[in-house]
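These notes are about the structure you will find just below.
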Amino acid sequence: MAKHSMFINGEWVDSVSGETFQDKNPADGTLFAEVPKANLEDADRALEAAFNARSVWANTDPGERARVLYKASALLLERQKEFADVLIGEGGAMFGKAMFETGYVADLLHTAGEDCRRILGETFPSSHGKIGMTIYRPLGTVVAISPWNFPLLLSCNKVSYALAAGNTVILKPASETPVIGLKIAELFEAAGLPAGVLNVITGPGGLLGDKLIEDPRSDLISFTGETLTGRKIGAKAGENLKKFTLELGGKDPMIILADADVDYAVNAAAFGAFMHQGQICMSVERIIVAESIVEEFAGKLAAKAKTLTVGDPTQPTTIIGPLINDDQIETVHAHVQDAAAKGAAILSGGKYEGRFYEPTVLSGVTRDMRIFKEETFGPVAPIIAVKDEKEALEVANDTEYGLSSGVITNDLQKAVFLAENLESGMVHINDSSLYDDPYCPFGGCKSSGIGREGGRRSMEEMSELKWITIHKGDRQFPF
Ligand code: NAD
């Protein structure tokens, strides 16, 4: 078991109070690490450090910022296994997910480096004797608050682009996965980031979050997590007239139309619903299938689910690792039992041992069931039968959420109809809802969030847009 320190102003420090909290391995409940439990004084130190480092980093040449991001990317690849072990040990990632996440983040850091020089303003036609232009300036300090499910990726989505845009950062990782947040600090320290530009504090979200949002030394709150938490953060940021972006929960639909290749649809649905035990905001949480193929599809998906190895996440052959905690096990099981009580058939799974929930396929799911409405965040594939694409659309949009969607059809007209009318921030044709790219605009509508992350959209969200004019000669004033 390792004891860790936090990273404030370029130094590794304990919390002012000396208090710590325990970070447990979700697979077996053993102690993974002990980390500092930051309080308001620690948050204040991080805010001060980030505030004082602003001008240094804002005035650092974009090429130099890019070099730091490229270096961090290269170092992550060198240390990939070490980072993957943390994702497995504290996050319950199976080996394949941990290797994917670390590799993706190396690409993300590199992409953010490329974007350092690509934040382009506009010029406007001369009007009333002026030349007009826009430039992007760093906002100041970005507060990044991230969840436990893809903790390296979702923290680095924020940290990388905040740094690329010339901001200083305070990262508050989730209390289930604090060590990976501290590892990000190690990476940037080794990459040569100046002291105070990135600070990482670990501790209770509510207490630290309130302070970081209310304090005048922070400028943008970039949050990924549950919708309920996002509402609180949005309200508090609004009260303080502070910019914020929210990446929240989902109940993502995957629509499979009658012409689909059923075997392909089964593979896409299994990946979308079961990857990382379904604990992804863009996991497939409702599979909406044309009634002419639903029986064949459900049977094949259940057969595939039964072949997926459940167990020790360190083993490369494991597909289904542990859920993050006992509360998640309770929620997932309650959703499955509620569906069964209301008439759904359990075609596979429906049982658990410890934190390991079997990949579960439910058919005959209807809209009155909890599993239709509430985010499950577990390895469950609920199947709903529909007549055609019009009914599929109506069922898919019957949710408060609107993050991502998948559509499987070879009918171009129907694919375009669905892509245009699905109420979600992202639609993937010929795939499930589970897909991301570092340079594409990621984000949702309805209760799934406000704002977009990725590439140019992150650079814009994390910058201040400024309009500048230059008057040619003297302006003529009316009095
Ligand atoms: P969570 O909301 O419980 O916690 C997220 C972070 O917020 C943690 O760091 C936590 O400490 C902090 N926090 C908690 N209360 C806070 C408060 N009052 N003020 C400020 N910070 C606070 O979410 P989670 O359980 O860690 O993550 C799972 C959720 O995240 C799911 O709902 C999932 O759909 C969502 N998620 C969304 C996306 C996306 O991009 N849309 C990606 C991944 C996860």
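Checking each residue in the stretch 304-328 for being in contact (Cβ under 8 Å) with a residue 40 or more places away in the chain and assigned to a helix (DSSP H, G or I) picks out Ala305, Lys306, Gln328.
Of the residues that sit in the stretch 124-144 and are open to solvent by 20 Å² or more (accessible area, probe 1.4 Å) and not in a strand (DSSP E or B), which one is modelled with the lowest pLDDT? This residue is His128.
Can you pull out the residues in the stretch 274-284 that are open to solvent by less than 10 Å² (accessible area, probe 1.4 Å) and either within 14 Å of the ligand (Cβ to nearest atom) or within 23 Å of Lys390 (Cα to Cα) (or both)?
Step one: filter the stretch 274-284 for residues open to solvent by less than 10 Å² (accessible area, probe 1.4 Å), giving 274, 276-280, 283-284.
Within the stretch 274-284, His276, Gln277, Gly278, Gln279, Ile280, Ser283, Val284 qualify.
Exactly one residue out of Leu228, Leu241, Leu207, Leu171 is open to solvent by less than 10 Å² (accessible area, probe 1.4 Å) and modelled with pLDDT of 95 or more, and it is Leu171. Show the residue pairs that are 6+ apart or on different chains and have beta-carbon atoms under 7 Å apart, the first residue being within the stretch 70-83 and open to solvent by 70 Å² or more (accessible area, probe 1.4 Å), the second being assigned to a helix (DSSP H, G or I). Cβ pairs passing all conditions: Tyr70/His110; Tyr70/Gly113; Leu77/Ala106. Within the stretch 321-366, being in contact with a Leu (Cβ under 6 Å, 6 or more places away or on another chain), within 19 Å of Thr30 (Cα to Cα) and among the β-branched types (Val, Ile, Thr) holds for one residue alone: Ile329. Against the test of being touching a Gly at 6+ places or on another chain (Cβ under 7 Å) and either basic (Lys, Arg) or surrounded by fewer than 24 Cβ atoms within 10 Å (Cβ to Cβ) (or both), the options Glu358, Glu400 yield a single qualifying residue, Glu358.
Here Glu114 passes the criteria (1) under 22 Å from Gly196 (Cα atoms); (2) of a type outside the set (Phe, Trp, Tyr); (3) part of a helix (DSSP H, G or I); (4) in contact with a helix residue (DSSP H, G or I) (Cβ under 8 Å, 6 or more places away or on another chain) except the one numbered (1). Pairs meeting the criteria (first residue in the stretch 223-242 and outside the structural domain of Pro173 (by TED's automatic domain parsing), second residue near the ligand (Cβ under 7 Å from one of its atoms), beta carbons under 6 Å, at least 6 apart or on different chains) are lacking.
Residue by residue, here is whether (1) open to solvent by less than 50 Å² (accessible area, probe 1.4 Å); (2) part of a helix (DSSP H, G or I); (3) over 22 Å from Thr177 (Cβ atoms) holds:
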{"residue": "Glu34", "(1), (2), (3)": "yes, no, no"}
{"residue": "Ala38", "(1), (2), (3)": "yes, no, no"}
{"residue": "Glu41", "(1), (2), (3)": "no, yes, yes"}
{"residue": "Arg45", "(1), (2), (3)": "no, yes, yes"}
{"residue": "Ala49", "(1), (2), (3)": "yes, yes, yes"}
{"residue": "Ala53", "(1), (2), (3)": "yes, yes, yes"}
{"residue": "Trp57", "(1), (2), (3)": "yes, yes, yes"}
{"residue": "Glu64", "(1), (2), (3)": "no, yes, yes"}
{"residue": "Arg67", "(1), (2), (3)": "no, yes, yes"}
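Restricting Gly89, Gly103, Gly96 to residues that are within 30 Å of Phe32 (Cα to Cα), of a type outside the set (Ser, Thr, Tyr), in a helix (DSSP H, G or I) and in contact with a strand residue (DSSP E or B) (Cβ under 8 Å, 6 or more places away or on another chain) narrows the list to Gly89. Among residues that are open to solvent by less than 10 Å² (accessible area, probe 1.4 Å) and within 19 Å of Asn149 (Cβ to Cβ), Thr314 is not included. All of Ile288, Ile329 fail the test of being within 16 Å of the ligand (Cβ to nearest atom), within 24 Å of Asp368 (Cβ to Cβ) and open to solvent by less than 70 Å² (accessible area, probe 1.4 Å), apart from Ile329. It is to be established whether one or more residues within the stretch 455-464 are of a type in the set (S, T, N, Q) and under 28 Å from Phe274 (Cα atoms). Within the stretch 455-464, none of the residues are of a type in the set (S, T, N, Q) and under 28 Å from Phe274 (Cα atoms).
Only one entry in Val386, Val395, Val365, Val380 is away from the ligand (no atom under 16 Å from the Cβ) and under 22 Å from Glu330 (Cβ atoms), namely Val365.
If you go through the stretch 14-32, how many residues are part of a loop (DSSP other than H, G, I, E, B), of a type in the set (Asp, Glu) and under 26 Å from the mean Cα position of the chain (by Cα)? So that I can check it myself, show each step before the final result.
First, pick out the residues of the stretch 14-32 that are part of a loop (DSSP other than H, G, I, E, B): 14-19, 25-30.
Pick out the ones that are also of a type in the set (Asp, Glu) and you get 14, 19, 28.
Checking the rest, the ones that are also under 26 Å from the mean Cα position of the chain (by Cα) come to 28.
Qualifying residue count for the region: 1.
Considering each residue of the stretch 338-348 in turn, at least one proves to be in contact (Cβ under 8 Å) with a residue 12 or more places away in the chain, small (Gly, Ala, Ser) and open to solvent by 50 Å² or more (accessible area, probe 1.4 Å). Considering the stretch 355-461, the qualifying helices (runs of 4 or more DSSP H), each wholly inside and each with 1 or more residues that are acidic (Asp, Glu) and assigned by TED's automatic domain parsing to the domain that holds Ile280, run over 389-396, 412-421.
For Glu285, state whether it is of a type in the set (Asp, Glu), assigned to a helix (DSSP H, G or I) and in the same structural domain as Lys351 (by TED's automatic domain parsing). Give the steps one after another, and end with the answer.
Values: of a type in the set (Asp, Glu): yes; assigned to a helix (DSSP H, G or I): no; in the same structural domain as Lys351 (by TED's automatic domain parsing): yes.
Here the answer is no, as Glu285 does not meet what is asked.
Check Phe100, Phe150 and return the single one that is closer than 30 Å to Leu308 by Cβ, open to solvent by 10 Å² or more (accessible area, probe 1.4 Å) and either of a type in the set (Lys, Arg) or in contact with a Lys or Arg (Cβ under 9 Å, 6 or more places away or on another chain) (or both).
Values: Phe100 fails: either of a type in the set (Lys, Arg) or in contact with a Lys or Arg (Cβ under 9 Å, 6 or more places away or on another chain) (or both).
The match here is Phe150.
Could you pull out every one of the helices (runs of 4 or more DSSP H) wholly within the stretch 145-245 that has 3 or more residues that are more than 14 Å from the ligand (Cβ to nearest atom)?
Details: elements: 151-164, 178-190, 205-214, 227-239.
Counting at least 3 such residues, we get 151-164, 178-190.
Of all residues in the stretch 103-118, those satisfying the criterion of being open to solvent by less than 50 Å² (accessible area, probe 1.4 Å) and either without any contact (Cβ under 8 Å) to a residue 60 or more places away in the chain or over 19 Å from the mean Cα position of the chain (by Cα) (or both) are Gly103, Val105, Ala106, Leu109, Gly113, Asp115, Cys116.
The values are calculated or read from the model by the stated rules, or taken from the named source; none is laboratory data. Everything numeric in this text was worked out from a predicted model, so none of it was measured. With ideal geometry, Cβ positions are generated from the backbone for all residues, glycine too; neighbour counts draw on all protein chains shown. Just the protein is used for accessible areas: all its heavy atoms, side chains included, with ligands, DNA and RNA removed. Shrake-Rupley method; radii C 1.70, N 1.55, O 1.52, S 1.80 Å.
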